[in-house]
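For reference, the structure is listed below as structure tokens.
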Amino acid sequence: LPLLAEGYAWLPNRMRDASGSVVRTRIMGRPALALRGPEAVRFFYDERNVHRHRAVPEPVLGTLFGHGAVHTLDGAAHRARKELFLPLLEPAAVAGLAEHVSGAWDEAVPEWGRRASVVLFDEAATVLTRGVHRWAGVPLDDAGAGAAARDMTAMVDGFATAGPRHLRARRARGRQEERLARLVRDVRTGTVTAPAGSVLERVCGHRDLNGEPLDEKTAAVELLNVLRPTTALAWFVAFAAHALHRWPENRAPLAQGDVAFRTAFAHEVRRFYPFVPFLGGLAARDLFWRGARVPEGGLVVLDVYGQNHDETLWGDPYAFRPRRFLERSVGRDELIPQGGGDPATGHRCPGEGLTVGLLETLTAQLARMEYTVPDQNLAISLHRVPALPHSGVVLAGVGRSAV
């Protein structure tokens with residue numbers, strides 16, 4: 001109940017009360033050990049300590065990740081499935097997706113300019129959906145892009161709540177899994193040709209540890225685990241616009257092509273704004289962390305939001321200051337907005353490089369665009385997971401800049 005009531009502040013509040021970096025608590029009746037810090041990240045991602053198999057609650061699987069997804073596997077099975085996604089880390093893949101999304105953005109801006117105002121979150125979701133479908137080789141006509149984007153964002157918006165948002169998320173997942181399972185079947189029967197080297201071709205041809213191809217439903221789930229997270233960047237685009245409105249001094253270096261600053265700005269958006277509150281796994285054996293015990297099968301929880309706002313790591317964590325990432329080299333297990341550990345072998349999101357690359361591209365385009373921000377409610381509630389500026393960030397008078 002306190003978790004539901006406090007949202008992102010729940011674990012940081014407990015850590016503060018405990019005056020340390022570890023808290024013993026209970027979640028859904030299970031004993032839980034909550035921890036944070038770079039050493040804790042390495043402890044959490046060591047498969048000798050923590051397993052993900054059976055750790056993800058069904059409501060999250062039924063909305064966000066999908067049943068049978070890579071997130072639910074451990075050990076050799078996890079590594080074999082992750083081979084499907086590792087090519088997405090390659091610089092050429094990042095550049096290709098950025099090019100498709102950037103093109104979709106350029107197509108959309110003139111239409112935004114013909115309207116009195118637009119909600120950036122909604123429009124960015126549609127742009128991202130169009131771009132990632134083109135890049136992945138997944139057919140999607142322009143007329144269906146808006147509906148697909150709404151389904152993708154619904155899956156993310158409803159995973160951590162009950163009631164109507166959760167039901168919308170389940171219905172959205174059902175529609176999209178059915179659509180993509182049909183596509184996989186059509187590719188395998190030769191009715192549809194997957195573009196050579198595309199994500200669609202890789203998913204349809206992938207074989208798991210047992211040497212068998214993915215069944216149609218699991219293949220659809222893993223396709224969604226490329227498409228959905230890319231659309232979810234709409235949250236970060238809205239946060240970036242929020243940051244540019246509150247701290248406009250960041251606009252010029254973004255618009256003028258300062259590459260290092262673009263990367264720093266993307267990292268600071270991901271660090272500063274609330275997205276993932278925490279991550280969980282199951283203790284593989286009786287565990288002890290700094291004198292605290294959690295029994296085998298108990299929950300181990302990594303305080304993601306708390307670590308990204310830990311003053312011992314960031315000095316002034318509640319100041320939005322991109323240049324902190326230019327002043328020192330930040331360790332792999334310090335900044336963990338999408339989890340920690342090694343993306344090649346562990347559970348860290350393999351699409352993190354895509355997230356950073358796309359955010360660099362889109363924030364630069366946003367910074368070069370002419371628009372005004374009319375009066376609206378830009379408050380971001382930490383009680384709501386996932387958080388978002390209340391208005392979705394309304395822009396008026398959208399046009400291209402000469403910059």
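The values are calculated or read from the model by the stated rules, or taken from the named source; none is laboratory data. Note that the structure is a prediction, hence the values are computed from the model and not measured. In this analysis, Cβ positions are derived from the backbone assuming ideal geometry, glycine residues included, and neighbour counts consider all displayed protein chains. For accessibility, only protein heavy atoms count, side chains too; no ligands or nucleic acids. Shrake-Rupley method; radii C 1.70, N 1.55, O 1.52, S 1.80 Å.
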Hey, can you tell me all the residues within the range 292-323 that are farther than 16 Å from Pro38 by Cβ and of a type in the set (D, E, K, R)? Arg293, Glu296, Asp316, Arg321, Arg323
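The rows are residues; the columns are (1) buried (at least 19 other Cβ atoms within 10 Å of the Cβ); (2) outside any strand (DSSP E or B).
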| position | (1), (2) |
| --- | --- |
| Glu6 | no, yes |
| Trp10 | yes, yes |
| Met15 | yes, yes |
| Gly20 | no, yes |
| Thr25 | no, no |
| Val41 | yes, yes |
| Arg54 | no, yes |
| Pro59 | no, yes |
| Thr63 | yes, yes |
Within the range 210-222, residues of a type outside the set (D, E, K, R), open to solvent by less than 100 Å² (accessible area, probe 1.4 Å) and on the phi < 0 side of the Ramachandran plot come out as Pro213, Leu214, Thr218, Ala219, Ala220, Val221
When both residues are 6+ apart or on different chains and their Cβ atoms are under 7 Å apart, which pairs have a first residue that lies in the range 85-100 and is within 23 Å of Gln365 (Cα to Cα) and among the β-branched types (Val, Ile, Thr), and a second that is in a helix (DSSP H, G or I) and open to solvent by less than 60 Å² (accessible area, probe 1.4 Å)? Val94/Gly353; Val94/Leu354; Val94/Gly357
Conditions first: (1) in contact with a helix residue (DSSP H, G or I) (Cβ under 6 Å, 6 or more places away or on another chain); (2) open to solvent by 30 Å² or more (accessible area, probe 1.4 Å). Ala69 passes all but one, so which condition is the exception? (2)
Report, by residue number, each residue of the range 174-209 that is in a helix (DSSP H, G or I), polar (S, T, N, Q) and either surrounded by 14 or more Cβ atoms within 10 Å (Cβ to Cβ) or touching a helix residue (DSSP H, G or I) at 6+ places or on another chain (Cβ under 9 Å) (or both). Gln176
If you go through the range 85-94 one residue at a time, do you hit one that is at pLDDT below 85 and touching a His at 6+ places or on another chain (Cβ under 6 Å)? no
